[in-house]
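Student: Input: one structure, supplied below.
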Amino acid sequence: MLLAPATAFAASGTGEDTALNLPADGGGTKKISGASGTGSIVRTIVGLAIVLAVIYGVAWVLKQVKASKEERLRGGGLESTAVVPLGPNRALHLVRAGSEFVLVGVAEHGVTPIRTYTEEEALELGIIGEDDDLDGDVPRAGAVRWLDRLRDRTVRR
């Protein structure tokens, strides 16, 4: 039997000559209706809307987290009042810390406090003015406050 495998299969009667038993009425086939095609489109659109909503929600949460971190890092008690550049990578900064002014030297490798002034001392010495003039030269760090005052005077309401 091992020497003639072709004759072994022919004897069992399962070759290509065997007729297939197919149903004559076609009941074994599935019919596709138009409603399931519409349902899949609706399912796709709803899925897309859910994905977009999740993306928008995650972006909103990340924006809120970033804003809260920036508020903590910014600090409300410090404000740079004036800057005097001395050379490359060197400058003097007058920083307002609460009701005191601290003069600090900034270089490439560090920041050194030079002197601390109270608000009264800074006014007496002319380091700060009670009301800065819009016509004068504005220090670079005070430019933001100067622009805010200019904007308040010129914007129509």
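The values are calculated or read from the model by the stated rules, or taken from the named source; none is laboratory data. Here the structure is a predicted model, which means the values were calculated and not measured. When we count neighbours, we look across all protein chains shown, and the Cβ atoms used for this are built from the backbone with ideal geometry, even at glycine. Surface accessibility is based on the protein's heavy atoms, side chains included, excluding ligands, DNA and RNA. Shrake-Rupley method; radii C 1.70, N 1.55, O 1.52, S 1.80 Å.
Student: Among the aliphatic types (A, V, I, L, M) and either modelled with pLDDT under 85 or open to solvent by 100 Å² or more (accessible area, probe 1.4 Å) (or both), is that true of Leu94?
Tutor: no
Student: Does region 77-85 include one or more residues that are part of a strand (DSSP E or B), open to solvent by 80 Å² or more (accessible area, probe 1.4 Å) and at pLDDT below 85?
Tutor: Yes, the conditions are met somewhere in region 77-85.
Student: Something else about it: Please work out which residue is least open to solvent (accessible area, probe 1.4 Å), limiting yourself to region 112-129 and to residues that are touching a strand residue (DSSP E or B) at 6+ places or on another chain (Cβ under 8 Å) and among the aliphatic types (A, V, I, L, M).
Tutor: Only one residue tops the list, namely Ala122.
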